[in-house]
Amino acid sequence: MSTAIRSQDDALAWASAHAASLNEGAAHADEAISVLGAAGFFRIGVPSALGGSGGSTADAVDAIARVARRSLTAAFVFWGQRTFIEYLLQSDNAALRARHLPALLSGELAGATGLSNAMKFLSGIESLSIAASPAGEGWRLDGSLPWVTNLRRAGFAVAAAVEPTDGQPPAVVAFLSGTPGITRTDDLELLALRGSNTAAIRIEGVVSGAAELIHADARSFLPRVRPAFLSLQCGMSIGLARACLAAAGASGSAVRAGLQSRIDALEASLAHEIEQLQAGLASGSFATQAAPLFRIRIRLAAIVREAMDLELDATGGRAYLVATTGDFARRWLEAAFVPVVTPSLTQLHGELERHAALRAA
Ligand SMILES: Cc1cc2nc3c(=O)[nH]c(=O)nc-3n(C[C@H](O)[C@H](O)[C@H](O)COP(=O)(O)OP(=O)(O)OC[C@H]3O[C@@H](n4cnc5c(N)ncnc54)[C@H](O)[C@@H]3O)c2cc1C
């Protein structure tokens, strides 16, 4: 790490200073997790008995939002890391947790969540992309994960869902980058968020067994972790919307152009969604009723879009000049990611329609 990180403010300052670099290329990609880890960000919302600093999932959402306000790339790798940590917290496999949690919390090990495929599988959109053939006491894994973020070259752990070929239920397993049969491709050529260590993984003849099992039944485990998975994602939208609204408000033309009342109204809508999110997390209701959380994620994505438009409206032509665009151009590209990250808005709308049809039937 090139900079000494002593506090969360230090890490936030690092994210601000490197936001453009993290968006445009891989120069600082391998530092982000170490910086956030050194500042204690991954311990937030993790019980102190397990090495965390206590607090709740809502506190972790707020932490991701604070980082997203500076850099969506840093916030996205934070999301991947914290979500992987969440899988271990909710896993029955105490030995697996004890083995990896300390290095994940400190940021020495990068944790990646290859579970988009599994989340889409749950919704009946895709079949699972990793086959698990019985071999000895465990399995032989073969397949691929076409998109995984936070695959730090120095080493990473990945969570993925696998489909046993003998009819057993789909399971969720972890594997490490050094395991024979795991190949990380070069980084994908992304439009933005290029410092997120996003690549594909090929899995060929990987030996796996009880020691690597996060959960034996993906169909019960995934809905259990989905509230944290989605809520932590909401932190990304909250932070990015706050950055756009702050930039719109700080622009001298906002008042001149009569935009202030729209900025104020959108800030109020954002505060309302955050309250709803916090209330659902505090009551635990998202575990049994996913639809309200889906709606919050959809509305937050709409708020990001509107906030981005307000920043553009307030900045005017300066937003289109390289010399004066400031952080606008980066945020514009970052914002394009919000609707496509799994579960995508299209998928969430589809889920809500399915819920409504089931209720009507
Ligand atoms: C920068 C970046 C980083 C990523 N990192 C990760 C990661 O760390 N881990 C990971 O697992 N994945 C990751 N992904 C993958 C991502 O979340 C999606 O899975 C991936 O973009 C491909 O799926 P899709 O849904 O976009 O595309 P498609 O499956 O081609 O679908 C296109 C659109 O149609 C919708 N759709 C398709 N079928 C249906 C249906 N039957 N009902 C309703 N809607 C439907 C989709 O939701 C999507 O909106 C990443 C993607 C990007 C761009």
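Remarks
- Residues satisfying the stated conditions in segment 86-125, i.e. among the aromatic types (Phe, Trp, Tyr) and either surrounded by fewer than 16 Cβ atoms within 10 Å (Cβ to Cβ) or within 19 Å of Val61 (Cα to Cα) (or both): Tyr87
- Within segment 165-198, the set of residues being of a type outside the set (Gly, Ala, Ser), within 16 Å of Leu141 (Cα to Cα) and open to solvent by 20 Å² or more (accessible area, probe 1.4 Å) comprises Thr165, Asp166, Gln168, Pro169, Leu176, Thr179, Pro180, Ile182, Thr183, Arg184.
- Within segment 317-361, tally of residues that are of a type in the set (Val, Ile, Thr), more than 14 Å from the ligand (Cβ to nearest atom) and open to solvent by 30 Å² or more (accessible area, probe 1.4 Å): 2
- The residues of segment 138-150 that are assigned to a strand (DSSP E or B), within 12 Å of the ligand (Cβ to nearest atom) and open to solvent by less than 40 Å² (accessible area, probe 1.4 Å), listed by number, are Leu145, Val148.
- Of the criteria (1) in contact with a helix residue (DSSP H, G or I) (Cβ under 7 Å, 6 or more places away or on another chain); (2) part of a helix (DSSP H, G or I), which one Ser21 fails: (1)
- Condition check for Arg153: more than 10 Å from the ligand (Cβ to nearest atom) and open to solvent by 50 Å² or more (accessible area, probe 1.4 Å): yes
- Any pair with Cβ under 7 angstrom, 6 or more apart, that starts in segment 333-347 at a residue that is part of a loop (DSSP other than H, G, I, E, B) and ends at one that is within 6 Å of the ligand (Cβ to nearest atom): Phe337/Leu193; Thr342/Ser116
- Any hit, segment 216-228, residues being over 22 Å from the mean Cα position of the chain (by Cα) and part of a loop (DSSP other than H, G, I, E, B): yes
- Of all the numbered requirements in (1) modelled with pLDDT of 95 or more; (2) out of contact with any Pro (no Cβ under 9 Å at 6 or more places or on another chain); (3) surrounded by fewer than 18 Cβ atoms within 10 Å (Cβ to Cβ), Gln276 misses one, and that requirement is (2).
- Some residue of segment 221-231 being within 21 Å of Ser56 (Cα to Cα) and among the β-branched types (Val, Ile, Thr): yes
- Selected residue [in contact (Cβ under 8 Å) with a residue 40 or more places away in the chain, surrounded by 15 or more Cβ atoms within 10 Å (Cβ to Cβ) and outside the structural domain of Ala29 (by TED's automatic domain parsing)] from Ala135, Ala161: Ala161
- Residue list for segment 111-136, filter: near the ligand (Cβ under 7 Å from one of its atoms) and either aromatic (Phe, Trp, Tyr) or not in a loop (DSSP other than H, G, I, E, B) (or both): Ala112, Thr113, Ser116, Asn117, Lys120
- When we screen Ala95, Ala103, Ala74 for residues that are more than 16 Å from the ligand (Cβ to nearest atom), touching a residue at least 24 places away in the same chain (Cβ under 8 Å) and hydrophobic (A, V, I, L, M, F, W, C), the only hit is Ala95.
- Considering segment 199-223, the residues that are open to solvent by 10 Å² or more (accessible area, probe 1.4 Å) and under 20 Å from Asn150 (Cβ atoms) include one that is farthest from the ligand (Cβ to nearest atom), namely Glu212.
- Any chance Gly350 is at pLDDT below 95 and in the same structural domain as Ala247 (by TED's automatic domain parsing): yes
- Being of a type in the set (D, E, K, R) and either in the same structural domain as Ala271 (by TED's automatic domain parsing) or not in a helix (DSSP H, G or I) (or both) is a description that applies to Glu108.
- Ser53 fulfils the conditions (1) touching a residue at least 60 places away in the same chain (Cβ under 8 Å); (2) closer than 29 Å to Ala13 by Cα; (3) touching a strand residue (DSSP E or B) at 6+ places or on another chain (Cβ under 8 Å) except for a single criterion, (1).
The values are calculated or read from the model by the stated rules, or taken from the named source; none is laboratory data. It should be emphasised that the depicted structure is a prediction, and the values quoted were computed from it without experimental measurement. Here the Cβ is made from the backbone with ideal geometry for all residues, glycine too, and neighbour counts use every protein chain on show. The protein model used for the area step is the full one, side chains on, heavy atoms only, and it has no ligands, DNA or RNA in it. Shrake-Rupley method; radii C 1.70, N 1.55, O 1.52, S 1.80 Å.
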